[in-house]
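**Q** Below: one structure in structure tokens.
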Amino acid sequence: DSRLRTAPREDARSDQQPLRILVVDDDPLILAALKRMFRTHVVTTNETVRGALEAIDAGARFDVVVSDLMMPEQTGADFYREVHRRCPELAQRFVFVSGGGTTDATRTFLASVRQPVLGKPFDRAELRRIVEAIGRSQSSA
């Protein structure tokens, strides 16, 4: 899709610029907690994969995506695959969180990708470190 262009390379984030973080989780409490946790950054939250994909299709750009793995309508794996199809560069900037209850299909998916996975409840400092490392190290080229 021609609307899914990443920002030019010169848009790579410096340590002072806020990151653009997309958080996708079906739990509104998790969304609110992560929005507070990353309050010095620009955080977009969505409770559904469909809504997150609509934001991406509408031109929203993100430095990092934090996605729950197990959601009712579509899983984090479904979301990742669709983003990978549409915008492979963004798929490289995923972090998954999971409250457990993963299926065999989810475990197989996680074994096939290199994105970090944190269990819920996650260590806030570890999640912050991972998100900021991905956001700062990945150019948007």
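**Q** Among the residues of the range 89-98, write down those that are surrounded by 18 or more Cβ atoms within 10 Å (Cβ to Cβ) and either over 12 Å from the mean Cα position of the chain (by Cα) or part of a helix (DSSP H, G or I) (or both). I'd like the intermediate steps shown before the answer.
**A** Applying the first criterion (surrounded by 18 or more Cβ atoms within 10 Å (Cβ to Cβ)) to the range 89-98 yields 90-91, 93-98.
Within the range 89-98, L90, A91, S98 meet the criteria.
**Q** Please indicate, with yes or no, whether at least one residue in the range 117-124 is open to solvent by 60 Å² or more (accessible area, probe 1.4 Å), at pLDDT below 95, of a type outside the set (K, R) and touching a strand residue (DSSP E or B) at 6+ places or on another chain (Cβ under 9 Å).
**A** For the range 117-124, residues open to solvent by 60 Å² or more (accessible area, probe 1.4 Å), at pLDDT below 95, of a type outside the set (K, R) and touching a strand residue (DSSP E or B) at 6+ places or on another chain (Cβ under 9 Å): present.
**Q** Given the condition over 18 Å from D63 (Cβ atoms), touching a strand residue (DSSP E or B) at 6+ places or on another chain (Cβ under 9 Å) and of a type in the set (V, I, T), answer yes or no: does some residue in the range 92-115 qualify? Reasoning before the result, please.
**A** Filtering the range 92-115 down to residues over 18 Å from D63 (Cβ atoms) leaves 98-113.
Retained after the next criterion (residues that are touching a strand residue (DSSP E or B) at 6+ places or on another chain (Cβ under 9 Å)): 98-100, 106, 110, 113.
From what's left, of a type in the set (V, I, T): 106, 113.
The answer is yes, given that some residue of the range 92-115 is over 18 Å from D63 (Cβ atoms), touching a strand residue (DSSP E or B) at 6+ places or on another chain (Cβ under 9 Å) and of a type in the set (V, I, T).
**Q** What is the residue count in the range 64-95 for residues that are closer than 23 Å to P121 by Cα and touching a residue at least 60 places away in the same chain (Cβ under 8 Å)?
**A** Step one: filter the range 64-95 for residues closer than 23 Å to P121 by Cα, giving 64-80, 93-95.
Restricting the remaining residues to those that are touching a residue at least 60 places away in the same chain (Cβ under 8 Å) gives 64, 66.
Qualifying residue count for the region: 2.
**Q** Still on this model: Would you call G135 open to solvent by 50 Å² or more (accessible area, probe 1.4 Å) and either at pLDDT 90 or above or not hydroxyl-bearing (S, T, Y) (or both)? Explain how you work it out, then say what you get.
**A** Working: open to solvent by 50 Å² or more (accessible area, probe 1.4 Å): no; either at pLDDT 90 or above or not hydroxyl-bearing (S, T, Y) (or both): yes.
Against the criterion (open to solvent by 50 Å² or more (accessible area, probe 1.4 Å) and either at pLDDT 90 or above or not hydroxyl-bearing (S, T, Y) (or both)), G135 does not qualify.
**Q** Enumerate the pairs (first residue in the range 45-58 and closer than 12 Å to E73 by Cβ; second residue anywhere and of a type in the set (A, V, I, L, M, F, W, C) and loosely packed, with under 13 Cβ neighbours inside 10 Å) with beta-carbon separation below 7 Å, excluding pairs fewer than 6 apart on the same chain, so at least 6 apart or on different chains.
**A** none
**Q** Could you pull out the residue among L127, L53, L34 that is within 16 Å of I21 (Cα to Cα) and out of contact with any strand residue (DSSP E or B) (no Cβ under 8 Å at 6 or more places or on another chain)? Please lay out each step first, then the result.
**A** Details: L127 fails: out of contact with any strand residue (DSSP E or B) (no Cβ under 8 Å at 6 or more places or on another chain); L34 fails: out of contact with any strand residue (DSSP E or B) (no Cβ under 8 Å at 6 or more places or on another chain).
Every option except L53 fails the conditions.
**Q** Give me the helices (runs of 4 or more DSSP H) completely within the range 17-88, filtered to those with at least 1 residues that are open to solvent by 50 Å² or more (accessible area, probe 1.4 Å) and within 18 Å of V117 (Cβ to Cβ), ordered by residue number.
**A** On the way: elements: 28-37, 49-57, 76-86.
The qualifying helices (runs of 4 or more DSSP H) are 76-86.
**Q** The conditions are (1) closer than 21 Å to D27 by Cβ; (2) open to solvent by 50 Å² or more (accessible area, probe 1.4 Å); (3) not in a loop (DSSP other than H, G, I, E, B), and G101 fails exactly one of them. Which is it?
**A** It is condition (3) that G101 fails.
The values are calculated or read from the model by the stated rules, or taken from the named source; none is laboratory data. Owing to the predicted nature of the structure, the values given are computational and were not obtained by experimental measurement. Backbone-built Cβ (ideal geometry, glycine too); neighbour counts: all protein chains shown. Just so you know, the surface numbers come from the protein's heavy atoms only, side chains and all, with ligands and any DNA or RNA stripped out. Shrake-Rupley method; radii C 1.70, N 1.55, O 1.52, S 1.80 Å.
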